[in-house]
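Here is the structure we will look at, set down as structure tokens.
The values are calculated or read from the model by the stated rules, or taken from the named source; none is laboratory data. Note that the structure is predicted; figures quoted are calculated from it, not measured. Positions of Cβ are generated from backbone atoms using ideal geometry, with glycine treated the same way; all protein chains shown enter the neighbour counts. Each accessible area value is taken on the protein alone, full model and side chains, heavy atoms only, with ligands, DNA and RNA left out. Shrake-Rupley method; radii C 1.70, N 1.55, O 1.52, S 1.80 Å.
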Amino acid sequence: MHNKSLSELSAALHNSEISSVELTQHYLDRINQHNGTLNAFITVTEERALEQAKVADKLLAENKAGVLTGIPLAHKDIFCTKGVRTSCASKMLDKFIAPYDATVVEKIDQAGMVTLGKTNMDEFAMGSSNETSWYGPVKNPWDTDRVPGGSSGGSAAAMAARLAPVATGTDTGGSIRQPSSLCNLTGLKPTYGRVSRYGMIAFASSLDQAGPMANSAEDAAWLMNVMSGFDEKDSTSVDRDVPDYTANLNDSLEGLTIGLPKEYFGEGLDPRVAATVEAAIKTYEKMGATLKEITLPNTGLAVPTYYVVAPAECSSNLSRMDGVRFGHRAEDPKDLMDLYTRSRGEGFGEEVKRRIMIGTYALSAGYYDAYYLKAQQCRRLISNDFQEAFKEVDVIMGPTATNPAFRFGEKTDDPVAMYLEDIYTINTNLAGLPGMSIPAGFVEGLPVGLQIIGNYFDEARLLNIGHRYQQETDWHQRIPDAFK
Amino acid sequence: MSLDKHDVEKIAHLARLSIQEDDIPHYARDLNNILNLVDQLSAADTNGILPMAHPLDAHQRLRPDTVTEINHREAFQAIAPKTEAGVYLVPKVIE
């Protein structure tokens, strides 16, 4: 049952081959069986899930069900879920019961889907290995000595081990795509503004975007249909019609022009990853696409630009965690300043503190022009590179990450080494473009992802391109032995 | 430039973060490494380049100035560390 696509599950539910309660119980059992090993979930909402499943079964029986009604799902623990702990994997929010639902949660509930629980992640989505979580690291189902990637590492591990049929993630610098690459998933970061950020705990507001993490492009398309759309509660939400993302999945790729940025295949890329990605791109050539070498000359600026913009925005966003209205409060504060500094000092982990301090410094008097303004200008240069490229090509392809999953502790001593993990994904966030990672093969038993970047609002095209590849290959159907 | 112990203390104060004395050297080291990475930006020619605040250069949406939210005080204060009679309690600020 846990190897079926969303449309197969939908058919099984609609044909009464299985009830939503049975399906939900099947996944809850799998979570109970494997979560001890993987640490993929922070909170399992068993009771709530079975209640939602009962409601779904009633809708199914009355023929009032939608396509995804009764299908279980896991939410990254960054989305506020009313009445359920929403921790963002931080001690700061360990006891935070969200008083309202994120728009994404609300839309998914309205579609009749069943929430299994909240998945582990890097604290406040700051990290690329899921090692910064206050609840401990998540293990990669493909090799439990290795990281699942981050920050959406819990969703990625849960999906790879088939503990949920589909999951949500968020991506500020690669946090959907890099774990998707390391765990053999299809993960889509939509165009900035496509999916509402309301109730999604903010990290870097001009970069954050939610998206699906799925077993196939087709499944991702189904969830995109539910997640996307204008929301007046998000001031940066884009008011634009949502297409049916499943409608054009089978379109021909004949005549597609694929740009290959030479900066994505240079120094720093594991040659085995390069070979895997190049083989995937060759498959596209066989399917009728034309390849063209392009250049994104300012690629090297992406990581430094990000580490000004993202910390600056996070230092501002996280100032709301002050120990006064919600979240962790230090014991016996002697005065207000002591309350602020100790609550925050105790509540935040190391990486979060580092980024808050970098952002505070970059925004402090006298440094604004040298750091923040300069970074915003570099951001424009990076974005201009993409727009130049899209004059000649339809989509851009390259690796999602420089390497397959690495071992725990391998990059934790040097924050900068960890930051470079996102070198191929960060610039799409800076430009606000949609990007997707799909399974492209394996290196010594570890998954490798192919990244596909499109122009603004080209999500349907990306999903079509992913889907056609998945008709030709079966990488995306592979499951680690221990979780079959 | 390079941050020293005093700079780290000042930044931590501005950020309202208590940090342990023993941890200052490694914060200084890490922050300097990050700033070295960031300093690569100074080599970029950004003359005449407009700063980009929003990927789609969208403008802030306006809405009519009408009440859209109802009072959620009880729900919001239910998750607060310390409240009394509808207000949030903090240590005494004014003597």
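Just a few scattered comments:
- Selection status of A:Leu381, of a type in the set (A, V, I, L, M, F, W, C), within 7 Å of chain B (Cβ to nearest Cβ) and under 18 Å from A:Tyr424 (Cβ atoms): yes
- Pairing each residue of segment A:130-153 that is of a type in the set (Phe, Trp, Tyr) with any residue that is surrounded by fewer than 24 Cβ atoms within 10 Å (Cβ to Cβ) and assigned to a strand (DSSP E or B), provided the two are 6+ apart or on different chains, yields C-beta distances under 8 Å for A:Trp142/A:Leu446.
- Listed by position, the strands (runs of 3 or more DSSP E) inside segment A:5-124 whose residues that are of a type in the set (Lys, Arg) and in contact with a Ser or Thr (Cβ under 7 Å, 6 or more places away or on another chain) number at least 1 are A:72-76, A:114-119.
- The residue of segment A:405-426 that is farthest from the other protein chains (Cβ to nearest Cβ), among those that are part of a loop (DSSP other than H, G, I, E, B) and closer than 20 Å to A:Pro261 by Cα, is A:Tyr424.
- Test for A:Met159: is it under 24 Å from A:Leu50 (Cα atoms) and either under 15 Å from the mean Cα position of the chain (by Cα) or touching a residue at least 24 places away in the same chain (Cβ under 8 Å) (or both): yes
- Among the residues making up segment A:463-484, a single one is closer than 16 Å to A:Ile281 by Cβ and among the acidic types (Asp, Glu): A:Glu472.
- In segment A:283-325, the residues that are over 28 Å from A:Ser128 (Cβ atoms), in contact (Cβ under 8 Å) with a residue 60 or more places away in the chain and part of a loop (DSSP other than H, G, I, E, B): A:Met287
- Members of segment B:29-54 found to be at the interface with chain A (Cβ under 7 Å from one of its Cβ atoms), more than 16 Å from A:Ala312 (Cβ to Cβ) and open to solvent by less than 30 Å² (accessible area, probe 1.4 Å), listed by number: B:Asp30, B:Ala44, B:Thr46
- Taken over segment A:262-280, the criterion of being within 23 Å of the chain's Cα centre (by Cα) and over 14 Å from A:Ala401 (Cα atoms) is satisfied by A:Ala280 alone.
- Count of segment A:329-341 residues, restricted to those that are under 16 Å from B:Ile79 (Cα atoms) and open to solvent by 40 Å² or more (accessible area, probe 1.4 Å), is 1.
- Residue, most open to solvent (accessible area, probe 1.4 Å), within segment A:224-249, restricted to residues that are assigned to a helix (DSSP H, G or I) and among the hydrophobic types (A, V, I, L, M, F, W, C): A:Val226
- If you go through segment A:329-345 and pick out every residue that is more than 8 Å from chain B (Cβ to nearest Cβ) and closer than 17 Å to A:Cys88 by Cβ, you end up with 1.
- Of the residues making up segment A:382-404, just one is assigned to a helix (DSSP H, G or I) and in contact with a Ser or Thr (Cβ under 7 Å, 6 or more places away or on another chain), namely A:Ile382.
- Residue match in segment A:358-365 (condition: assigned to a loop (DSSP other than H, G, I, E, B) and open to solvent by 10 Å² or more (accessible area, probe 1.4 Å)): yes
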